[in-house]
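Undergrad: Below is one structure. I have some questions about it.
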Amino acid sequence: MALVTSIFLEDVSLDSETRIISTAGLFDFSAIFGSIIRFDVNGPGRTASSAPLFVELFDNASTATVTTPNTIDNFLDYVDQDLYDNTIFHRSIPGFVLQGGGFTTPTAQADQPGGIPQAIPKNPPVINEPGNSNVKGTIAMAKIAGDPNSATSQFFFNLADNSQNLDNQNGGFTSFGQLLGDSEFVVDFLTSQPTFITRPDYFNYPSFDDLPLYQVDTDQLVKPADFIRILDVNLLSSEDQLLEFSVTSSNPSALEASINIDGDITLTSLDYTPEPVQITLIADSIISGERLQQTFTASNLTAGLQEGQVVVQDTRLSQNTFGYVIQSNETLKQITYTGGVASHSNPGAGWVGLAATTDADGSNGFDLYWENKASNQYALWNLDSSATLLTGSILSKAQFLAQETRLQSDLDQDGITGVTFTPSFTITDSLVNPELNDAVSFGRTQLGYAIQNGDNAPLHIQFAGGFTSDSNPGAGWVGLAATTDADGSNGFDLYWENKASNQYALWNLDSSATLLTGSILSKAQFLAQETRLQSDLDQDGITGVTFTPSFTITDSLVNPELNDAVSFGRTQLGYAIQNGDNAPLHIQFAGGFTSDSNPGAGWVGLAATPDADGSNGFDLYWENTASNQYALWNLDSSATLLTGSILSKDDFAQIEQIWGDINSDGQLGSSPLI
């Protein structure tokens, strides 16, 4: 029954941090064809176990003269029910038989309750199946004398060639299996133990006239451990259970090899190694002591390999258990330093590999791109053809995006390839110069503010010293819009807003979008630019100065010959008066216009009328609800204050009798409206 190799292991690459390789069916015993039973028996020590016994059953015609299906089914039924577990060999006759399968092991010493062996439950007798000779090393069923078909649970091992006797006696004894390999030596050891006649003073059973025991203490009391016991009986699932496996690795610090609880090889990647590791599997036969071995190679480069997400020029950056890997032309190359691999090789904490490409210089090396989101940085590594670092440098975002444009690849997977301009406001040149037809768009790229003139490439806003990301007048300033320069040059005018400080600014840029001069604009100046450009630059829904009237009085109430109306209200700048279709006039003092010009805190403008004296000026009425006061301003034709006075409540009531409910309180003076 020589041990032979039936399947040779192939070289492997780990596809995860660990890989299990089955040992099933790799080796075979050339002369074993039947099912195999394993007997575990105790040894001579009180707790020790002996070597196991292995029996090949005669259920395959290649081994047996005749097969014994009924006997084997009967025997396996006892095995399946664990009825042979913790039983004893109760009869040992050296040179003849070792018999068991009939009695349980006592649970106490012989003079105590439970100290007597008990018969195991029995199945109905089985039909005798003679035909296999009772030679040394075979196992056969025991029977009652004179009854060929009386076999139930008991069996015996033939310790010699008993064929002349047992093949003929009592219809012939059914031999249904044979010991394998060194199991015969185990049986010889068991039958070398002393035997005892236990009648009439001890176990008064004829079955125990040849009882084998390991030892009996000086007190002459037989104890459970003194019996030669069958601890366990099992049907093996495969011949592999007749083997003990061990395994070695030529580089255990990188690739550990072990045998797991199922008897299979477990390979565990501990560190990267560029060279394949030799794995040697050793199989030792339990039944014969034979040894065979197989050697194969294992590579851990693919251990834990993840699918990379960016492919550039057929080059993919991935990760395995040890760090980053370049996949190019169906080969894998681990990213390493000159001194060897570094776990998760990268420029430092926070850096994540983005993509790899073949080297831009045309060599066989690679360019490797990194990103550090925390520090908002990028890096470029130049690697040789083995993916070992040669040089590295930090890239600005502009330099990185230039690489995206060159490679036409979204390296950082932000959904944008290269520098992409997103306009926020566009003004046609014709609003500045009727002879121009292009449009100037203001907006952003990933780098900061930029201007695009027609179909030309975007120009980033920059200072004289060079481009600065998000270039602006300072904190809080937001770019609004850009136009071609009002002076007709090839430069640009750029408008800014600071909502926190309620300020506006104008930058004059040259044709490369570089700052030349800048100035702060008043709101009036800014709105004047909106009017000039017919564009809502600050996107507040209003273009230029817009007048919203709150009270309108017809001129005819002052002078029957006039048909216009005088409206009082507000623009974005403050109080204003509009006379007919004329432009609104902001209320101002002699010193000039002041936003929300009024008599003081708490005063609210009510209405304006043509001047009662018939001039081209206006009368303007105010109310202060907190102090319960009214005021009258006399304005000239430019809405500039000439004189002002406080009105009594009666005076104001008379005014309302003329002009109507100008304070919108539902009364004309003190009289309710009807």
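Undergrad: If you check residue 230 against the conditions, is it under 30 Å from residue 345 (Cβ atoms), surrounded by 17 or more Cβ atoms within 10 Å (Cβ to Cβ) and at pLDDT 95 or above?
TA: No, not satisfied.
Undergrad: Quickly run through the stretch 169-191 and pick out the residues that are of a type outside the set (Phe, Trp, Tyr), modelled with pLDDT of 95 or more and not in a helix (DSSP H, G or I).
TA: 172, 174, 175, 177, 178, 179
Undergrad: Give 273, 295 a once-over and let me know the one that is of a type outside the set (D, E, K, R) and either in a strand (DSSP E or B) or in contact with a helix residue (DSSP H, G or I) (Cβ under 7 Å, 6 or more places away or on another chain) (or both). If you could, list the steps in order and put the result at the bottom.
TA: Values: 273 fails: either in a strand (DSSP E or B) or in contact with a helix residue (DSSP H, G or I) (Cβ under 7 Å, 6 or more places away or on another chain) (or both).
The conditions single out 295.
Undergrad: Given the criterion exposed (fewer than 15 other Cβ atoms within 10 Å of the Cβ), in the same structural domain as residue 263 (by TED's automatic domain parsing) and either within 54 Å of the chain's Cα centre (by Cα) or touching a residue at least 24 places away in the same chain (Cβ under 8 Å) (or both), identify the matching residue among 77, 82, 15. It would help to see each step written out before you state the result.
TA: Details: 77 fails: in the same structural domain as residue 263 (by TED's automatic domain parsing); 82 fails: in the same structural domain as residue 263 (by TED's automatic domain parsing).
Residue meeting the stated conditions: 15.
Every residue, every condition in (1) in contact (Cβ under 8 Å) with a residue 60 or more places away in the chain; (2) under 30 Å from residue 299 (Cα atoms); (3) under 60 Å from the mean Cα position of the chain (by Cα); (4) not assigned by TED's automatic domain parsing to the domain that holds residue 334, yes or no:
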site: 196; (1), (2), (3), (4): no, no, no, yes
site: 214; (1), (2), (3), (4): yes, no, no, yes
site: 224; (1), (2), (3), (4): yes, no, yes, yes
site: 245; (1), (2), (3), (4): yes, yes, yes, yes
site: 251; (1), (2), (3), (4): no, yes, yes, yes
site: 268; (1), (2), (3), (4): yes, yes, yes, yes
site: 273; (1), (2), (3), (4): no, yes, yes, yes
site: 277; (1), (2), (3), (4): no, yes, yes, yes
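Undergrad: When the stretch 581-630 is examined, which residues are found to be surrounded by fewer than 20 Cβ atoms within 10 Å (Cβ to Cβ), of a type in the set (Gly, Ala, Ser) and in a strand (DSSP E or B)?
TA: Within the stretch 581-630, 592 is the sole residue that qualifies.
Undergrad: Could I ask something else about it? Residues that are crowded, with 23+ Cβ neighbours inside 10 Å and of a type in the set (Gly, Ala, Ser): does the stretch 167-179 have at least one?
TA: yes
Undergrad: Name every residue in the stretch 334-381 that is of a type outside the set (A, V, I, L, M, F, W, C), over 25 Å from residue 418 (Cα atoms) and modelled with pLDDT of 85 or more, in order of residue number.
TA: 334, 336
Undergrad: Something else about it: Restricting to the stretch 37-58, name every residue that is at pLDDT 95 or above and in a loop (DSSP other than H, G, I, E, B).
TA: Selection gives 58 alone.
Undergrad: Here's another thing I want to ask about it. Can you tell me which of 462, 413, 399 is within 30 Å of residue 373 (Cβ to Cβ) and over 40 Å from the mean Cα position of the chain (by Cα)?
TA: When all the criteria are applied, what remains is 462.
Undergrad: Which ones in the stretch 504-528 are buried (at least 20 other Cβ atoms within 10 Å of the Cβ) and not in a strand (DSSP E or B)?
TA: Scanning the stretch 504-528 gives 513, 526, 527.
The values are calculated or read from the model by the stated rules, or taken from the named source; none is laboratory data. Because the structure is predicted, anything quoted here is derived from the model rather than measured. Glycine gets a Cβ as well: all are built from the backbone with ideal geometry, and neighbour counts include every protein chain shown.
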